[in-house]
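Everything below concerns the one structure shown next.
The values are calculated or read from the model by the stated rules, or taken from the named source; none is laboratory data. Note that the coordinates shown come from a computational prediction; the quantities given were computed from them, not determined experimentally. For neighbour counting, all protein chains shown are included, and Cβ atoms are generated from backbone atoms with ideal geometry for every residue, glycine included. Keep in mind that these areas ignore ligands, DNA and RNA; they rest on the heavy atoms of the full protein, side chains included. Shrake-Rupley method; radii C 1.70, N 1.55, O 1.52, S 1.80 Å.
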Amino acid sequence: LIVMGDAGMKQTVSTPENPAEQDSLFSMTDLFLVSLITGLLTYWFFFRKKKEEVPELPKISPVASPVRDSSFIEKMKKTGRNIVVFYGSQTGTAEEFANRLSKDAHRYGLRGMAADPEEYDLSDLSRLSEIDKSLAVFCMATYGEGDPTDNAQDFYDWLQETDADLSGLRFAVFGLGNKTYEHFNAMGKYVDKRLEELGAQRIFELGQGDDDGNLEEDFITWREQFWPAVCEHFGVEATGEESSIRQYELVVHTDVNMSKVYTGEMGRLKSYENQKPPFDAKNPFLAAVTVNRKLNEGGERHLMHLELDISNSKIRYESGDHVAVYPANDSSLVNQIGEILQMDLDTIMSLNNLDEESNKKHPFPCPTSYRTALTYYLDITNPPRTNVLYELAQYATDPGEQEQLRKMASSAAEGKALYLSWVVEARRNILAILQDLPSLRPPIDHLCELLPRLQARYYSIASSSKVHPNAIHICAVTVEYETKTGRLNKGVATNWLKNKVPDEDRSKSLVPMYVRKSQFRLPFKPSTPVIMIGPGTGIAPFVGFIQERAWLKQQGKDVGETVLYYGCRHEKEDYLYREELARFHQDGILTQLNVAFSRDQAEKVYVQHLLRKNKENVWKLLNEGNAHIYVCGDARNMARDVQNTFYEIVAEFGNMSQPQAVDYVKKLMTKGRYSLDVWS
């Protein structure tokens, strides 16, 4: 109306032709203005009041409110907690340790909570001193080459950038790492050092767990010294023995709508029936296996090449990335657990957190069946940790068996030795323990509460997206071995993948997967030479690298020397991708193809021996060509031996001492010219 009035005013104030018309004009204008003012006053007094009432409505909430409460301080105050245990976890172990520490707190008259740093604003650490007897503990795993885990990336970035004053913060750190890796416990060390730099007070020394040794024992040893230090600092005493406290309560659903029941999904219910990108760890894509072929021509092992169809998924990957797959446990193991515990595995149930304030409402997606939980959600093949044995001991009716379980879960030297020999070295999983301790028959719901989550398995992608934009290739070897008890143990993921045979209706060949980005990258300039070292299935990322270099050459790019050092046991048995590599070599894509067959002669020959043999050429590529080095495969022996060989070559041809050569190679790593993709 006002706009129309403005337009009308502009039209009526055009120059009048006579005085009479002018008088008439002003009276009309006066009338219009009076009407306009009356209208505005009416609006002001009547309609404005309704507008004022809107904010008073209790249901109104801000549109941009966060999904979660990002202040762990407010949550701790609300729930009476004074210890927060943050975890940086990639495979679930650090999270498990954090839960154990938070449960320990009640023995000392304290209350703890485990927390995912991804869910909270860690700048609130400066406010933790507002809570009496407060303490922050960090269970931090190191992933890859000294990297933070996915859920700790934001926390790591914040620590690097912040200049916050943490002088009121008391803390302790337990790191989880593996000594076969170059950057052992890098994340734990960094968090421990950085918190101190920011003024925080360390109340107990950094713990360093080694997964190449006995991570469980490392944790127990640290933990049994950590709590006395906490007691001394806060002037508190243990209130009693460690007791079994259930974290979840069982609800059995007798009348449930089956469309509301989880059947293996990782996050959103029915996400496997109604797939929506983006795809990640909580929302994996169901990729069909289109190719599954055996790579080796002989021998006892089964080495395989699989191709996953990612058409229409919008998934993008680069050569060197990893593909994560969610496997399923062997149905025969699941059935045997059900039979031993005399339980109907198709019972629909939920395990609900007794702590209503916890962000983690269930240990795995619920409601679901015991069969689904044991098949898709729980780890039933790895030897259980000591806390599981302790909790289960109460259900052993035979006093001797109960004593054995309690002893293995104790911190006594004899108990640790028994756990190491009877559980770890004998590779006894939960089924084997139930079979060997016939009086141990725990309630299945408590067992499901105690077992860790079944984790995704990571594989180096064996293809280039430039050549295969709609497929991801995997190269893997099935794991199968006999234990000291005479049982045949099988790797969960590799044996599950082995049985994923392409079929017409695709339903039996689907693999839940997502891509995890890696730092293992080809040089930015295609003309830069590359030296790739990857024996066994370590060849995987280099198949992708070679495919990409071939594609770049087809595009008319100047591609530098592409050198491969590959190794296997026998030329006629397990020479992987033999035809493909020969063709790339023949076409000039692979400028050098050096292959070590370790067991085809009396003396074993490995990739490091071939590097020594070609040391002059290696040094020339490295020193004059600014070559990039890539190593993929076994971390425990191969990667270390290869690195020592580079030290020798650099020392000899660079006229350096051993320490200088080591420093030279370490600088290559820092500059991204020496990259590792290794596992132990």
When residues of the range 104-115 are limited to those that are touching an Asp or Glu at 6+ places or on another chain (Cβ under 9 Å) and open to solvent by 20 Å² or more (accessible area, probe 1.4 Å), the one nearest to residue 327 (Cα to Cα)
114
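Specify the residue that is farthest from residue 92 (Cα to Cα); the eligible residues are those in the range 143-158 that are touching a Leu at 6+ places or on another chain (Cβ under 7 Å) and not in a loop (DSSP other than H, G, I, E, B). Reasoning before the result, please.
To start, the set of residues in the range 143-158 that are touching a Leu at 6+ places or on another chain (Cβ under 7 Å) comprises 145, 155, 158.
Next, from what is left, pick out any that are not in a loop (DSSP other than H, G, I, E, B): 155, 158.
Numbers: 155: 18, 158: 23 Å.
If we take residues in the range 143-158 being touching a Leu at 6+ places or on another chain (Cβ under 7 Å) and not in a loop (DSSP other than H, G, I, E, B), then 158 is farthest from residue 92 (Cα to Cα).
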Which residues, taken from the range 201-226, are touching a residue at least 40 places away in the same chain (Cβ under 8 Å) and assigned to a loop (DSSP other than H, G, I, E, B)?
203, 211, 212, 214
Among the residues of the range 366-384, count how many are touching a Phe, Trp or Tyr at 6+ places or on another chain (Cβ under 8 Å), open to solvent by less than 20 Å² (accessible area, probe 1.4 Å) and part of a loop (DSSP other than H, G, I, E, B).
1
Would you be able to say whether some residue in the range 424-438 is out of contact with any Cys (no Cβ under 8 Å at 6 or more places or on another chain), assigned to a helix (DSSP H, G or I) and basic (Lys, Arg)?
no
Residue 162 fails exactly one of the following numbered conditions: (1) within 27 Å of residue 105 (Cα to Cα); (2) surrounded by fewer than 17 Cβ atoms within 10 Å (Cβ to Cβ); (3) β-branched (Val, Ile, Thr). What is the number of that condition?
(1)
Identity of the residue in the range 438-448, in contact with a strand residue (DSSP E or B) (Cβ under 8 Å, 6 or more places away or on another chain) and crowded, with 20+ Cβ neighbours inside 10 Å, that ends up farthest from residue 353 (Cα to Cα)
440
Any idea which of (1) open to solvent by 40 Å² or more (accessible area, probe 1.4 Å); (2) under 23 Å from the mean Cα position of the chain (by Cα) is the one residue 494 doesn't satisfy?
(1)
Going by the structure shown, is residue 237 touching a helix residue (DSSP H, G or I) at 6+ places or on another chain (Cβ under 9 Å), acidic (Asp, Glu), open to solvent by 50 Å² or more (accessible area, probe 1.4 Å) and outside any strand (DSSP E or B)?
yes
Just to be sure I understand, how many residues within the range 529-542 are part of a strand (DSSP E or B) and touching an Asp or Glu at 6+ places or on another chain (Cβ under 7 Å)?
0
Quick one: which residue in 196, 182, 145 is without any contact (Cβ under 8 Å) to a residue 12 or more places away in the chain and under 30 Å from residue 667 (Cβ atoms)?
196
State whether the residues of the range 248-267 include one that is within 27 Å of the chain's Cα centre (by Cα), assigned by the TED database to the domain that holds residue 511 and modelled with pLDDT under 95.
no
For the condition more than 27 Å from residue 406 (Cβ to Cβ) and basic (Lys, Arg), what is the one hit in 246, 202?
202
Suppose we keep only residues that are hydrophobic (A, V, I, L, M, F, W, C) and crowded, with 20+ Cβ neighbours inside 10 Å within the range 452-490. Which one would you say is farthest from residue 540 (Cα to Cα)?
454
Looking only at residues that are touching a Pro at 6+ places or on another chain (Cβ under 9 Å) and more than 19 Å from residue 619 (Cα to Cα) in the range 632-680, which one is surrounded by the most Cβ atoms within 10 Å (Cβ to Cβ)?
632
State all residues of the range 165-177 that are open to solvent by less than 20 Å² (accessible area, probe 1.4 Å) and not hydrophobic (A, V, I, L, M, F, W, C); if no residue qualifies, say none.
175, 177
Checking the structure you have, find out if any residue of the range 575-586 is surrounded by 14 or more Cβ atoms within 10 Å (Cβ to Cβ), out of contact with any Ser or Thr (no Cβ under 8 Å at 6 or more places or on another chain), polar (S, T, N, Q) and more than 17 Å from residue 529 (Cα to Cα).
no
Tell me which of these residue 425 doesn't satisfy, since it passes every other one: (1) open to solvent by 20 Å² or more (accessible area, probe 1.4 Å); (2) more than 28 Å from the chain's Cα centre (by Cα).
(2)
Would you mind stating whether residue 416 is touching an Asp or Glu at 6+ places or on another chain (Cβ under 7 Å) and modelled with pLDDT under 95?
yes
